[in-house]
Amino acid sequence: MKRILSCMQPTSHLHLGNYLGALKNFVALQDEGAECLYGVVDLHAITVPYQRDGLANATREIAAAYIAAGIDPKKSILFAQSAIPAHSQLMWLLATMSQMGKLERMTQFKDKAGKNKERAGLGLFAYPVLMAADILIYKATHVPVGEDQKQHLELARELASTFNTRYETDFFPQPEPYISGPATRVMSLRDGTQKMSKSAESDLSRINFTDDADTIAKKIKKAKSDPDVLPETLDGLEDRAEAKNLVNLYAALAGITNEDVLKEFAGKGFGDFKPALVDVAVAHLAPITARMNELMADPAEIDAILQAGNEKARAMAGDVLSEVSEIMGFWKGS
């Protein structure tokens, strides 16, 4: 049976790109017969400066977003990373098998550390080892990853192989990237050449899960477009990054193809298209926003869901860590 692990950091608000690029696909996995674990990886969130007082609530918000988007805690395991000590414990064991040269070449480390890598924290440097531990502590067979995470998954595969070779076992499976069909790549509403991002300075660049209908409408109406009408074929969207992005959004939210969108709107300008996109976006996102608001108004409900998931995840991870310790030769005690 496939065991699929996917995680999100509790940093800032989730947005439409997170939903269409990841969460929407995660929900479908529940009904495919796979065992699914979804984590809020708060230990990763503290590798860069963060707001201590907001961390716990940010963790609740990501959990609420999972649930509001359709993750069913009765079908999947939803947990908080810091509540499962085995993540950190396995990370240390894997760190003894990790080569510094490979960690130094990780793209995300170079991007986040910038020119001050000499002063970067050990947590940021070792981030990929913790990510490998997140995956291997559950012996996950498949991990949905974007382009920016492929290096990290490859490291997890290498560490699984190193462990198995060093200790002459086939204990850890080789985690595979999970491909669920064409991913919806959502770009910024202000710049069609850049991904929609939580860290972008302008809030107008993204649609947040917490945005109400009026805010969604405002952002779409202000979204960058161009003066030309929509073409009849996809070829006509080449070199029109903003137009292509808005067509992608409409298609993903409406559950149709880009070709279908162009059949409906070919020859029309964005004065006609944007209001239609607003209607589709609000209709799709309003129930998610409403459910998130409902959950966030009752933190006890989220905490209870996370606690139940934590207990299941802790039992699974504990069993794996115990076997790893035995394989590595550690003293068991009585």
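Taken together, the values in this text are just the output of simple stated rules run on the coordinates, not laboratory data. What you are looking at is a predicted structure, and each value in this text was computed from that prediction instead of being measured. Here Cβ is always computed from backbone atoms with ideal geometry, including for glycine, and neighbour counts include all displayed protein chains.
Judged by the mean number of other Cβ atoms found within 10 Å, the most tightly packed of the peptides 54-60, 132-138, 154-160 leads the ranking 132-138, 154-160, 54-60.
Helical runs (DSSP H, four residues minimum) scored at -39500 (n - 2.57) apiece and divided by the length of the chain put the mean residue ellipticity at 222 nm at -16500 deg cm²/dmol. Mean projected area of the convex hull spanned by the Cα atoms of the range 203-294, taken over all viewing directions: 5.6 nm².
Amide H to amide H, with H built 1.01 Å from N, residue 15 comes under 5 Å of 209, counting only residues 5 or more places away or on other chains. Taking amide H positions as modeled 1.01 Å from N, with prolines and chain starts lacking one, the residues under 5 Å from residue 7 and 5 or more places away or on another chain are 39.
All other residues whose Cβ lies under 15 angstrom from that of residue 281 are scored, Lys and Arg at +1 and Asp and Glu at -1, for a net of +3. Looking at the range 263-334, the chymotrypsin sites (Phe, Trp or Tyr not before Pro) that sit in a DSSP loop and have at most 15 other Cβ atoms within 10 Å of their own Cβ are 330, 331. Here the contact order of the chain, divided by its residue count and restricted to Cα pairs under 8 Å and six or more residues apart, works out to 23 percent.
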